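Undergrad: Below you will find the structure I want to go over with you.
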Amino acid sequence: MDPTGFELPPGAARAVPAPSGWSGRLWARTGCTQDATGKVVCATGDCGSGTLECAGRGAEPPATLAEFTLDSSGRNDFYDVSLVDGYNLPMLVEPAGSGAAAPGATTCAPAGCAADLNARCPSELRAVGGAACRSACDAFGKPEFCCSGAYANPNTCRPTAYSQVFKSACPRSYSYAYDDPTSTFTCAGGRDYAITFCPVATPSLKSAGPGSTTTPGATTDAPPDIPRPGGGGGVMLGDNSWLASLATGDASSAPASGVALLAAPLVLQLLRR
């Protein structure tokens, strides 16, 4: 993908063409500074390249990740928003032209986390002075949190108290490695996608409160693996009430059409070549 990194000012939008068959992840780096030598260092999501271009390097946890596999099985796209590597800011992914979706729908539905998890992050997971929230795997390194060793399969690696903090606030995001059934979304290939960072003000989400969710289980019809380190068309975003509903897992109030009515979201449009 070209470019592999750039600045996106508040309220700005940018289109990035996606090569056919592309698989990878997009995220936001925050708190970035440039020193006298031109080296770029970011407080969260830093890729370690020292420049705006990450050139294939992954995000340093904790970071909210948008993950895509395009034109895969049956020419379908698979996408998700992952909190497996922690969280640094709210993010939504929406296929262009998508409308209202039933709660729990996984076909061409919005995915993401519009909640402020930094505000509700357990103290032992807080990072960067409260600017990010670590995953339990990153914080403690235990197999039961990392789904490794004896826990490296969906039958033994189950939701934990920490992953449930993420899942209750953001039921349409990955909360741990085997959180597939309610967290991976599918669309027929050829669509564009909008990735919106910081889509809604925190007070609206706090008033909405956390929603209920079912405990994820194993899946036998899994989408293709999206790399996880040890890594055109019109865009419809919706209004504040819908985004607050998305944070609690209820997308039934999504408008059939419309544009963003938000103060200053940052929107990245993933366009198909």
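The values are calculated or read from the model by the stated rules, or taken from the named source; none is laboratory data. Quantities reported herein were computed from a predicted structural model and do not represent experimental measurements. Reconstructed Cβ throughout: ideal geometry from the backbone, glycine too, with neighbour counts over all protein chains shown. Quick note on the areas: whole protein, heavy atoms, side chains included, nothing else; ligands and nucleic acids left out. Shrake-Rupley method; radii C 1.70, N 1.55, O 1.52, S 1.80 Å.
Undergrad: Please work out how much accessible surface Trp22 shows to a 1.4 Å probe, ignoring ligands, DNA and RNA, in Å² rounded to 10.
TA: About 40 Å², rounded to the nearest 10.
Undergrad: Considering every pair of different Cα atoms, what Kirkwood radius, in Å, is found for the stretch 1-128?
TA: 16.3
Undergrad: Within the stretch 28-61, what residues put their amide N at less than 15 Å from the label point 7 Å along the Cα-to-Cβ vector of Asp2?
TA: Under 15 Å, as judged by backbone N against the label point of Asp2, lie 53-56 of the stretch 28-61.
Undergrad: Place the peptides 86-93, 40-47, 64-71, 153-160 in order of packing, highest mean first, counting for every residue the other Cβ atoms within 10 Å and averaging per peptide.
TA: The peptides rank, most packed first, as 86-93, 64-71, 40-47, 153-160.
Undergrad: By how many nm would the segment from Ala43 to Glu124 lengthen if fully extended, with 0.36 nm per residue of separation less the alpha-carbon distance?
TA: So the chain would gain 27.3 nm between Ala43 and Glu124.
Undergrad: What spacing in nm lies between the two simple spin-label points modelled at Arg14 and Ala131, each 7 Å away from Cα in the Cβ direction?
TA: 1.8
Undergrad: For the stretch 43-95, compute Rg over Rh where Rg is the Cα radius of gyration and Rh is the Kirkwood radius from the inverse mean 1/r over Cα pairs.
TA: 1.04
Undergrad: Add +1 for every Lys or Arg and -1 for every Asp or Glu among the other residues with Cβ under 10 Å from the Cβ of Ala59, and state the total.
TA: Every neighbour counted, the sum reads 0.
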